[in-house]
Every structure is written in structure tokens, then in C-alpha cells.
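These notes are about the structure you will find just below.
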Amino acid sequence: MIDFQDEQTVINYTGLHVAGDWIRDLEENNSRLHKESVIEKALVASKLGSHSADCFLYNCYLAYNPYFTYNVKQVPETEGLEHRDNPWVAFWALCEALRTRTKTGHIARDAIADLSQRFDSEQWNMLARRVLIKDLRCGITAKTLNKILGNSEWKIPEFEVQLATDSKGHPKKLVGEVMVEPKLDGVRTIAIIPKLGDVQLFSRNGKQFLNFPHIVKDLQQLCATVSQKGSVVIDGEITGKSFQELMRGATKKDHTATDSVFNVFDILSLAEFREGHSNRTQIDRLLALESVVNRVQLKHVVMVKGKQLDLNTPVGHIKMSEYANECVNNGFEGIMIKKLDAPYECRRSTFWMKWKPVITVDLEVIDIEEGTGRNAGRLGALVCEGVDDNRTIRVNVGSGLSDSDRDNFWTRKDSLVGYIVEVKADAVTQNQDGTYSLRFPRFERFRGFEPGEKI
């Protein structure tokens, strides 16, 4: 990795004002193969000693590394500035200062503004600014980069969490001592709690959440009561009274879902999380988490409560079924089933399994939408509406359709309006206007041979 404290590095990187040209090359063509070829050329150029390619790849690393956040919401663009000196070494040093929180607040904003004046406007706007906002805006992902970069020094660390497997496909795995918990209907959230510095919240894919300051404040209060040898990761799910408001809080700038709560269910060290594995058993991690959470009573951070069962016995299975029905009746999506002697794995695993019921509703097709991208020129979604259990449901159904379905249905799209379609979904959700929708709707089949006919 680049050592920007090394004097020779500073000499070598003098004049790296063309690094942004690689971004321009990526923006010229939306083809995946084109973008991969650009990254491959940059990697080859780097091996041949190209400083501009090194600079580009290192900035990609800074922008896409999920563990690097620069804690800035707004970074100004510049206009009409010309290149004056070698700004990249100073820029990387600033990134490090922002990442480690040695520069914050007004000091950070002033440092960014001062440094922006040392770049020509094109390179600042094209590359440096985009690194700070962690969005290169050139149509590539960390996955695309790593496909080409392999195990090179530029490889982007992966941000992965443990995901559950559907228990219905693995009935033989439902054995042993387990903890069963309610399956929450919220947003999976990873809290990285450093030994020193600010708490950070991330989605399951590594996108930072900035709109839950009340949860961050509670976690900071929690940290103050715990003696930490290093950074820890708390795994959980943020829920709220309104799923729509919760999603706005997670995705929209300056929109805080103040009624949201962080329901925590696992804990491991940051080092373990980065490695993608913790050898500590589920029961050990639960006890550790309980000891942390119980140190102080918090309003917006609560531990998920479950029930320990032995699935080696028929009684255990009966109790699990009863617990699942109880959870569903109380408004939960289903249950989570976690093996107590299992480690934490940052991948989809049968150590965690989920069970949730599937609902089926019959709705009328009221419109047809054309697809986009690979589905352009054929069916994209069926716009459906109907009344189920005295609730008016309106939803776009685009999943569960095969390629042949999309082609065939599109050729007779005008005749499909009015037909009844059977839709499977995970749950019914309420919209802001009082109508209802479906969580993860999937096309199953048409229910009749004539418009409006139910079979």
C-alpha cells in the first residue's frame, strides 16, 4: 500500500494530475466488459510503473473500502481552478485524518476547502471529491474491481454479515440446542464501535447510515460503560412504527426516524468481523452481548429476547411451532432459529435459519409496465389491485416471472388487464395513504381464463 509519509513516494507522485482520466474512461461506455477492460489496463499500467494508474487504484481502494468513512456530508465542487502543485499526498493524508477523526467539524471542513484549491477543478470534481463522498459515480462496484484486481494490494475488503437460510429447505438441520427469536421486520444494521471515536452504523452491504443519531447516542453511552480492548461490532435490526418512515430514515438525507429502535442480537470483535468469522459460539456471544447491554438501560437500544429449545426432542419441535405461531400472531415476520454451539460466519449459513409463513392473495391486473435494462421491450411488472381481508392492496409484481413469461405476456399485454393473478408475498404492509401493499410480491399464476374470473 502507498506510504504517503515516505519522501520518495512524494517525489514519485509529483504530477499525478491525470489520475482522473481513468474515471473518464470508465464513464465513456456503460458496457460491463468495457469497464472491466479499463480496470485491467490500470492494473497492468500500475505494474509497469504508471503513477497515474497507482493513484487511480489507490483512490478506488479509499472510496470502496467499507471500513473507511470520512464523516463528511457535503464536499463542495470547484470551478475554473488549474493545477498548481502535487496535491495527492496531502489528499491521502487528509483522508486518513478524516477517517481516524483527528480532524472533525469546522477544522475538517476548512481542511477540505483549502485542499480543494490545490487541485485543478476537473481532477477535484472527477476523482478527489468523489472519494470523500465514497461514490466514484462511474458505474463500477467493489465486486467488479475485485474481479479484476484479484489478490493485488488494491483488492477491496468485503463487507459481509451472517445471513440466515430458509429452514423449509433444510429440515434435517433443525436439530440440537437452539435459540429461537422473533424475525423482525426492519433494516439489518451493523454497529461498529471503536475503542476511541464515533460509533458508525452500516447496512448489511456496507452503506453507512447517517440518520439515526439517537441510536448512535445510546451506543456511545453504552460504550462509556464498557472497558474495550479493541473495536467491537454489534449486529442487529433497526425497526420503527412505520416501515416507510424507517426506510426514509435509512436512505434519505436529513430524514430521521426518531421512533426507531436498534434491536441487537449478536456481538463480535471488529477483527473477527473483518476476517469473516468468529470461533466463539452463539451462546458465548449472546452472554457477552447481554452483559454489555444490561450495564445501562437505554431507550433506543434493546436486546432481542428469545427462547432456548432442544430440537433433539419432539417436545422441542412442538414448542418451536407454538413459538412461531405466537410470533406471527404478534405481528412478527416469523422466527429465527440459531444453533447455540455454532460460530459466526459472514455468509449465508445454516447456523442461522429462518421460518416465516407465506401469504397468498388474488388481485386484479389493472395495468402493465414495460421493463428496463435487459427487460426492455417486454413485461417488467404487472400492476395489481384488489381487496383482501377488507384491505385495499395495490402492488407492482415483477418477481416470479420467467423470461418466456415476460415475452409471452408482453405480446398480449392489452388482454391481460382485468385478469385475476395469484400473488405470493411475505407480508402485507401499509402505505402512507392508508392503502396496503405486499412485502416481496411474487407472481404465481393467473387464476382464471376470463377477466375477473376466480378459480
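Yes or no, residue by residue, for (1) surrounded by fewer than 16 Cβ atoms within 10 Å (Cβ to Cβ); (2) in the same structural domain as Ile337 (by TED's automatic domain parsing); (3) touching a helix residue (DSSP H, G or I) at 6+ places or on another chain (Cβ under 7 Å); (4) not hydrophobic (A, V, I, L, M, F, W, C):
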site	(1), (2), (3), (4)
Ser260	no, yes, yes, yes
Ala271	yes, yes, no, no
Gln282	no, yes, no, yes
Arg285	no, yes, no, yes
Leu289	no, yes, no, no
Asn294	yes, yes, no, yes
Lys299	yes, yes, yes, yes
- Message: Please verify whether Asp120 is over 26 Å from Phe202 (Cβ atoms) and at pLDDT below 95, treating the condition exactly as stated.
- Response: yes
- Message: Val38 - would you say it is among the aliphatic types (A, V, I, L, M), surrounded by 17 or more Cβ atoms within 10 Å (Cβ to Cβ) and under 26 Å from the mean Cα position of the chain (by Cα)?
- Response: no
- Note on the structure: The correct count of residues that are under 18 Å from Thr100 (Cβ atoms) and modelled with pLDDT of 90 or more in region 183-200 is 1
- Filtering region 348-366 down to residues that are in contact with a strand residue (DSSP E or B) (Cβ under 6 Å, 6 or more places away or on another chain) and more than 19 Å from Ala425 (Cβ to Cβ) yields Arg348, Thr350, Phe351, Trp352, Met353
- Note on the structure: Flagged in region 201-216 as modelled with pLDDT under 90 and part of a strand (DSSP E or B), in numbering order, are Gln208, Phe209
- Subset of region 248-270, residues small (Gly, Ala, Ser) and either touching a His at 6+ places or on another chain (Cβ under 8 Å) or at pLDDT below 90 (or both), comes to Gly249, Ala250, Ala257, Ser260
- Message: Which numbered condition in (1) at pLDDT 90 or above; (2) of a type outside the set (D, E, K, R); (3) not assigned by TED's automatic domain parsing to the domain that holds Gln308 is the only one that Thr141 fails?
- Response: (1)
- Task: Collect the residues in region 403-455 that are within 17 Å of Arg378 (Cβ to Cβ), at pLDDT 90 or above and of a type in the set (S, T, N, Q), keeping them in residue-number order.
- Result: Ser404, Asn408, Thr411
- Query: Which of the residues that make up region 383-397 are surrounded by fewer than 16 Cβ atoms within 10 Å (Cβ to Cβ) and farther than 16 Å from Gly371 by Cα?
  - Reply: Glu385, Val387, Asp389, Asn390, Arg391, Thr392
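Here's the yes/no breakdown for (1) among the hydrophobic types (A, V, I, L, M, F, W, C); (2) in contact with a Gly (Cβ under 9 Å, 6 or more places away or on another chain):
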| residue | (1), (2) |
| --- | --- |
| Ile366 | yes, yes |
| Glu369 | no, yes |
| Arg374 | no, no |
| Val383 | yes, no |
| Arg394 | no, yes |
| Val397 | yes, no |
| Thr411 | no, no |
| Asp426 | no, yes |
| Thr429 | no, no |
- Quick one: count up the residues across region 178-205 that are surrounded by fewer than 20 Cβ atoms within 10 Å (Cβ to Cβ) and out of contact with any strand residue (DSSP E or B) (no Cβ under 6 Å at 6 or more places or on another chain). 8
- Identify all residues within region 325-365 that are outside any loop (DSSP other than H, G, I, E, B) and free of Cβ contacts under 8 Å to residues at least 40 places away in the same chain; write none if there are none. Asn325, Glu326, Val328, Asn329
- Query: In region 288-310, which residues are under 27 Å from the mean Cα position of the chain (by Cα) and not small (Gly, Ala, Ser)?
  - Reply: Leu289, Glu290, Val292, Val293, Leu298, Lys299, His300, Val301, Val302, Met303, Val304, Lys305
- Message: Would you confirm, using the coordinates I've provided, whether Thr350 is assigned by TED's automatic domain parsing to the domain that holds Ser203, surrounded by 14 or more Cβ atoms within 10 Å (Cβ to Cβ) and of a type in the set (Ser, Thr, Tyr)?
- Response: yes
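The values are calculated or read from the model by the stated rules, or taken from the named source; none is laboratory data. Predicted, not measured: the structure shown is a model, and the values here were computed from it. We place every Cβ from the backbone using ideal geometry, glycine too, and count neighbours over all the protein chains shown.
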